[in-house]
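The values are calculated or read from the model by the stated rules, or taken from the named source; none is laboratory data. The structure displayed is predicted, hence computed values, not measured ones. Methodologically, a virtual Cβ is constructed for each residue, glycine included, from the backbone with ideal geometry; neighbour enumeration extends over all protein chains shown.
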Amino acid sequence: MSTILTVSNLTKKFGYLTAVKDLSFTIEKGNVYGILGPNGSGKSTTLGIVLNVVNRTSGDFSWFDGNMSTHEALKKVGAIIERPNFYPYMTAIQNLRLVCKIKEVPEDKIEEKLELVGLLNRKNSKFRTYSLGMKQRLAIASALLNDPEILILDEPTNGLDPQGIHQIREIIKKVASQGTTILLASHLLDEVEKVCSHVVILRKGQKLYAGRVDDMMASHGFFELQTTHTEALLQFLKNNNGFSKVTQENGLITAFLNKEMDAEVLNRSLMEAGIVLSHLVKRKASLEEQFLTLTNSQAN
Amino acid sequence: MLRLLHIEFIKLWNNRSSKILIISYFVLLTSIALVAAIKFDIGPIKFHLAEQGIFNFPYIWHFNTFITAFFKLFLAIVIVSMMANEYSNKTIKQNLIDGLSKKEFILSKFLTVVSFSLISTFFVFSVSLILGLIYSDYNELSIIFSDMEFLLAYFVKLMGFFAFCLFLGILVKRSAFALGFLILWQVFEGFVRGMIRWKLFDGETTDFIMGFFPLNAMWKLIDEPFTRLGAVQSVADQIGEKFDMDYGVHGYEILIVLAWTSLFIYFSYALLKKRDL
């Protein structure tokens, strides 16, 4: 598998503030990566550095095994950072033609990409007349013009309405299914969970985790329980060594497993103990819960 | 290089206000020909400006380059805003992400500046040549093509001025403020001249020192042509005044402006390189 991007010991300081601290990770071809982190955790700064618009303080990065200069490499990359930036007085077609000139690719893909993001019927409208969702879609079309090796998206659904968010996600899925490597920065965890196979988690510019999403969620999951015999149930769970932590909220008891256990097994043993459940759900921890556990445990 | 110029051309030509300003600039350059039409015919007083010798070769090169240089302010607006707009639209960021290097970005702007200067010079050359052929009293080839250094000076003057505008656009990032800064700088140079003259040196040394300031250096490239005019000189002779001025274009003046031009372009690049976008 070939490496697309290698980041090693990257550090960026803005005055006293360290935005990115000693960050290292690699992006392999063919995967969908998510960079996760709360606002201000250094996601955009990191992307800015590898995209040649922010100067690094120390550390290094290299595109495509370091065989070409950054701006040459960027011609094989498609990227959108935060807000779509185009010339407001130019039409979609004119803007995309300009991008083709910069990327040194032929202009014959413009119509195809506009079709992909559903903007073909508005191709001759000026950019400033577009809604935010349309601007964001045009940005995606522009990033895809060169059929990039990797598509980098920074908060692509920020500020969009549910329909817009859905459209963008559909486009991302479509692009990913064609085998394009994707790097998606977001603070929306369900977004990352839905489309990414790998994650890099950042907090205050430091890497907390990098690896497969599945591996990260390799806990045994937890039960959500409800009963009229709350006291008895709590006592039962406390005496059972299969549970690591039990919490109670609004009458709903959440019991975290520290080893594998079937819902059926639990239900049977509770019945034998005379505790009747009105609610029983076994769940895997979501990325969100994992993320919160991870960021909190590091904070303390 | 053509690619960079083409990129810049797409950006400029699709912007309506830039387009209007550029067109009106070149119309104005051509309109110097209208001076020829100035004609008073009030009873006994007959005055036809074109007959006063302003269109004589080689004086016309001096006169026209001096006058048309004032129109450069129009293009200055275009250049400052083409730079500042890249910042306010954040398109500079997108350009870099799309794979334009910072060097290419500055180069594309500088090439535009050079093209503007070249085209202007060519325009002034053509218009002057035509006007001269119509009105000049001397039509020998050797006279027509003497004093051509004024055209070179004109080119260098425009290029230096536009490079300064480009630098201000990058430095200030807002077109209105950048233009304000340009005016402020002009006032500043005037102020420095006043202070030096008042406290330090005599007139000649002051002129020499001021020759190193960018705007002053550009101004001095082409000296005012009016006192060189035959009519004006004969009037001066009558009242016993004598203008003894050196109207030529000097090599060191061109060098100073070229040095400033390269400094401005280098500073623009250094600034862009240092800044986080």
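Considering A:GLY48, A:GLY15, A:GLY30, A:GLY34, the condition of being among the small types (Gly, Ala, Ser), out of contact with any Phe, Trp or Tyr (no Cβ under 9 Å at 6 or more places or on another chain) and facing chain B (nearest Cβ under 8 Å) is satisfied by A:GLY48 alone.
For the stretch A:60-78, the count of residues that are at pLDDT below 90, within 11 Å of chain B (Cβ to nearest Cβ), surrounded by 19 or more Cβ atoms within 10 Å (Cβ to Cβ) and under 30 Å from A:ASN121 (Cα atoms) is zero.
Residue by residue, here is whether (1) hydrophobic (A, V, I, L, M, F, W, C); (2) in the same structural domain as A:PRO148 (by TED's automatic domain parsing) holds:
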position: A:THR180; (1), (2): no, yes
position: A:ASP190; (1), (2): no, yes
position: A:ARG203; (1), (2): no, yes
position: A:LEU237; (1), (2): yes, no
position: A:ASN241; (1), (2): no, no
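The C-beta contact set for the stretch B:113-127 (first residue assigned to a helix (DSSP H, G or I), second residue modelled with pLDDT under 95 and basic (Lys, Arg), distance under 8 angstrom, 6+ apart or interchain) comprises B:SER120/B:LYS72. The criterion of at least 3 residues that are under 18 Å from the mean Cα position of the chain (by Cα) is met, among helices (runs of 4 or more DSSP H) falling completely within the stretch A:1-104, by A:43-50. Out of B:ARG197, B:ARG228, B:ARG275, one residue alone is more than 25 Å from the chain's Cα centre (by Cα), surrounded by 13 or more Cβ atoms within 10 Å (Cβ to Cβ) and more than 14 Å from chain A (Cβ to nearest Cβ). It is B:ARG197. For the stretch A:46-57, check the following and say yes or no: at least one residue is polar (S, T, N, Q), crowded, with 19+ Cβ neighbours inside 10 Å and under 30 Å from B:SER17 (Cα atoms). No, the stretch A:46-57 contains no residue that is polar (S, T, N, Q), crowded, with 19+ Cβ neighbours inside 10 Å and under 30 Å from B:SER17 (Cα atoms).
Checking B:PHE122, B:PHE47 one by one, the residue that is among the aromatic types (Phe, Trp, Tyr) and modelled with pLDDT of 90 or more is B:PHE122 and no other.
The listed residues are A:ASP154, A:ASP147, A:ASP190, and the only one of them that is among the acidic types (Asp, Glu), out of contact with any Cys (no Cβ under 6 Å at 6 or more places or on another chain), surrounded by fewer than 17 Cβ atoms within 10 Å (Cβ to Cβ) and closer than 23 Å to A:LEU98 by Cα turns out to be A:ASP147.
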